[in-house]
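The structure appears below as structure tokens.
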């Protein structure tokens, strides 16, 4: 016959066996068949929060740093080899930071070989005036070359409004994002009589 002591002992034994069986590593099946002691394959656990954003940001900063020693057509005054004041300031910053010595200076081609050679000489002399003894200056197409006028105008507002594409917006030229407040976009036919 079962007494209270026997029933309590039997119940305790059953609970102990159930606990050991479902505890994970003891049974290799664990609770609900999940093995808590299994080896986790590579890639099963995602990287910590922010790793992808950090990689993207590092790539963007590297690209911006490389662009500091690129001289575009707008960095020269008109169609000459005279360096614009803001470009001279940028040369001074890159020379003092050491960036001008660690990477080459690139000049966007103008299409005129004589003008390009004069611009290389002007940038080399400016770098030499800041203590860069052997400046590395070359004419090449920059990696971050912008878009030409008409294409930049087409994507200026990013809302699918294609600027001067008259057929798209009723033949009225560039309308911007008016919204009744007179706001215009960044590019386009905003000057009376301007044609593109």
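The values are calculated or read from the model by the stated rules, or taken from the named source; none is laboratory data. Source: prediction; values computed, not measured. Neighbour counts run over all protein chains shown; Cβ positions are idealised from the backbone, glycine included.
Okay, residues lined up against (1) assigned by TED's automatic domain parsing to the domain that holds residue 103; (2) at pLDDT 90 or above; (3) touching a helix residue (DSSP H, G or I) at 6+ places or on another chain (Cβ under 6 Å):
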| site | (1), (2), (3) |
| --- | --- |
| 42 | no, no, no |
| 45 | no, no, no |
| 50 | no, no, no |
| 62 | yes, no, no |
| 69 | yes, yes, yes |
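A count restricted to the stretch 2-26 and to residues that are part of a loop (DSSP other than H, G, I, E, B) and modelled with pLDDT of 80 or more stands at 1. Going by the structure shown, is residue 80 at pLDDT below 90 and assigned to a loop (DSSP other than H, G, I, E, B)? It is false that residue 80 is at pLDDT below 90 and assigned to a loop (DSSP other than H, G, I, E, B). Residue 54 passes every criterion in (1) at pLDDT below 90; (2) within 28 Å of the chain's Cα centre (by Cα); (3) part of a helix (DSSP H, G or I); (4) more than 30 Å from residue 138 (Cα to Cα) apart from (1). Those helices (runs of 4 or more DSSP H) of the stretch 97-169 in which at least 3 residues are in contact with a strand residue (DSSP E or B) (Cβ under 8 Å, 6 or more places away or on another chain) and modelled with pLDDT of 90 or more, considering only elements entirely within it, cover 113-129. Checking each residue in the stretch 72-88 for being surrounded by 11 or more Cβ atoms within 10 Å (Cβ to Cβ), over 17 Å from residue 139 (Cα atoms) and either out of contact with any strand residue (DSSP E or B) (no Cβ under 9 Å at 6 or more places or on another chain) or touching a residue at least 60 places away in the same chain (Cβ under 8 Å) (or both) picks out only 88.
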